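First comes the structure, then the notes that go with it.
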Amino acid sequence: IGLARSTNLRQWEFVGDVPLAGIGRAGKPGWVRDRDGGLRLVVTDPGGAHVVTPDARFENWQAPQPLQGLAGHADPVVLPDGEGYLAVARRERDDRLVLLRSGSLAGPWKTEATLDGLGTSLDAAALVRHGSALRLYGSDAGRRAWFVDSSDGGRTWGERRRLTGTAAMAPGFG
C-alpha cells in the first residue's frame, strides 16, 4: 500500500509504502480516526483484519495488530461510536454484510446484526455519521454505487439508494 500527499488534491507526491510485515496480499485499506484523534489504517488479508498505526509524520509505523473477531470478514469499514466502534464487513462464508461492535479497535469484535435486507455480493465502502443516523456507502457486484441509512444505530436499514455522477465513483477509490 502506497501513500501520497497533496496540498491541492490535483498534484500528488509519493510519500512511501506502508510496511505490512507478516501480512500477505492486503485488501482494500480504510482509514479510521481514533477517539484520541490519531489515524489508523485497517487492512485485511486472508487471515483477517489488522490495524497499523503511523507516527504523526507518517514516517514510522507500528507492526500490524490483528483485530480480534474479524477473521472470516472482508474489507471492514470502521467508525468510532460513543465508547467503542462500529464496523460493517462482508462475512465471507455467506457473502452477507454484517454490523459488528467492539469496545476497542483491537477487539474483540462481535456481530450485532446481519444486513440481510441489503442482499448479497455487496462491498462496504464507508460507514459515516449523517446527522444522528448512520450512513453506509457501498457497491454491488455490478459496481453500481449505493447508500443506505439507519436511524436506530444499525439495527435496521432503509432501502438502498443508487448514487450517480461523480459520487458513484467513490467506492472504487478504496
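Key figures
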{"read-out": "Of residues in the range 66-80 being more than 15 Å from Arg40 (Cβ to Cβ) and touching a Lys or Arg at 6+ places or on another chain (Cβ under 8 Å), the one surrounded by the most Cβ atoms within 10 Å (Cβ to Cβ)", "value": "His73"}
{"read-out": "Selection status of Asp95, crowded, with 18+ Cβ neighbours inside 10 Å, in contact with a Ser or Thr (Cβ under 9 Å, 6 or more places away or on another chain) and at pLDDT below 90", "value": "no"}
{"read-out": "Test result for Arg57, in a loop (DSSP other than H, G, I, E, B), open to solvent by 90 Å² or more (accessible area, probe 1.4 Å), under 26 Å from Thr111 (Cβ atoms) and of a type in the set (Lys, Arg)", "value": "no"}
{"read-out": "Scan of the range 98-132 for residues that are small (Gly, Ala, Ser), assigned to a strand (DSSP E or B) and surrounded by fewer than 20 Cβ atoms within 10 Å (Cβ to Cβ), ordered by number", "value": "Ala113, Ala126"}
{"read-out": "Candidates Ala21, Ala87, Ala63 - the one that is crowded, with 20+ Cβ neighbours inside 10 Å and aliphatic (A, V, I, L, M)", "value": "Ala87"}
{"read-out": "Verdict on Glu13 being under 24 Å from Ser150 (Cα atoms), acidic (Asp, Glu) and either without any contact (Cβ under 8 Å) to a residue 40 or more places away in the chain or touching a Lys or Arg at 6+ places or on another chain (Cβ under 6 Å) (or both)", "value": "no"}
{"read-out": "Count - residues of the range 1-27 that are at pLDDT 85 or above, closer than 19 Å to Asp55 by Cβ and of a type in the set (A, V, I, L, M, F, W, C)", "value": "7"}
{"read-out": "Hey, Tyr137 open to solvent by 50 Å² or more (accessible area, probe 1.4 Å) and within 12 Å of the chain's Cα centre (by Cα) or not", "value": "yes"}
{"read-out": "Pairs where the first residue, in the range 30-55, is over 18 Å from Val88 (Cβ atoms) and the second is among the acidic types (Asp, Glu) and not in a strand (DSSP E or B), C-beta under 9 Å, 6+ apart", "value": "Arg35/Glu83; Thr53/Asp34"}
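The values are calculated or read from the model by the stated rules, or taken from the named source; none is laboratory data. It should be emphasised that the depicted structure is a prediction, and the values quoted were computed from it without experimental measurement. We place every Cβ from the backbone using ideal geometry, glycine too, and count neighbours over all the protein chains shown. For the accessible areas, the whole protein counts, side chains as well, though only heavy atoms, and no ligand, DNA or RNA atoms are used. Shrake-Rupley method; radii C 1.70, N 1.55, O 1.52, S 1.80 Å.
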